[in-house]
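Read-outs: derived from the displayed coordinates by stated rules, not from any lab. Given the structure is predicted, the values throughout are model-derived calculations rather than measurements. In this analysis, Cβ positions are derived from the backbone assuming ideal geometry, glycine residues included, and neighbour counts consider all displayed protein chains.
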Amino acid sequence: MKCIIKNTSGVVLHAGEASSFKEFIVANKGNLSEASLAYTNLEGVDLAGADLSYADLYDVDLRGANLAGADLTRADLLWAKLIGVNLEGANLSGADFRVAKLIGASLQGASLEKANLQYANLQYANLRDANLEGANLLWTDLRYADLRGALGLPAHVKQIKGSNHTVIMVGKDNVSIGCRRNTLAWWLENYRKIGEKEGYNSKQIAEYGGYLSALNASNAL
């Protein structure tokens, strides 16, 4: 089949024959800077080390893809499907991940400097040793995410490792405990009831009540 890859200005970057568009993408992965690939199905593709800097990847399907060590500097990944994707060691500086689904993604050691992760879903994501300096994490879903060793974690992101679930507060009013997320005021009013429902013992309920009170007090500083 004949395949064509254009850049965001409509200029042809690559043209040729391949058995599939995925195969053509992989064959040219070293030079996909500014490529226009919005809405493309690239599920499971191997793009390790690819140059996708400034690429248009709006609503692209990259579920289960390998992008380890890839360059996605300032790439547009708005609404992208990145469930289970491997982005270990990738350069994601300035990339736009708003509303993207990164559930279970591995971003260990990745650079996310000034990346926009607003409203992105990062449940169960591996962010160990990732660089988050200047990243926008407003209303980012970080439930069960592994943030150990993450660098430049914004001051407005607080994480408390409790005896059961981890408590994560982004900003001053977005609190996640386990798989539940709500406002801090809601948690302060309902933590006892939710704790009992989740099988917490009285000691654990008191423990998490203390965490919530501490977070509330920190907002007044």
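Some observations on this one:
- Crossing angle, helix 184-197 versus the chain [Cα axis fit, 0-90 degrees, rounded to tens]: 80
- Distance from the alpha carbon centroid of region 6-22 to that of region 33-61 works out to 12 angstrom.
- R0 of 30 Å, Cβ-Cβ distance S213-W139: FRET efficiency to nearest 0.05: 0.85
- Cut-off under 5 Å, modelled amide H: who pairs with N131 long-range: A110, S111, L112, L151
- For D46 and T183, the FRET efficiency from 1/(1 + (r/R0)^6), where r spans their Cβ atoms and R0 equals 41 Å, is about 0.45.
- Computed helical MRE - 222 nm, the chain, DSSP H runs ≥ 4 contributing -39500 (n - 2.57), nearest 500: -5500 deg cm²/dmol
- Divided by 2.2 N^0.38 Å, where N counts the residues, the Cα radius of gyration of the chain comes to 1.16.
- Computed from label points 7 Å out along Cα-Cβ, the spacing between S202 and N190 is 2.5 nm.
- Gain on full stretching of the segment that runs from Y124 to A220 - 0.36 nm per residue minus C-alpha separation: 31.5 nm
- Of all beta bridges that DSSP places with both ends in the chain, some 45 percent have antiparallel geometry.
- The chain: angle of helix 202-219 to the longest principal axis, Cα-based, in degrees nearest 10: 70
- Length released on extending from S20 to Y39, taking residue separation times 0.36 nm less the Cα-Cα span: 5.2 nm
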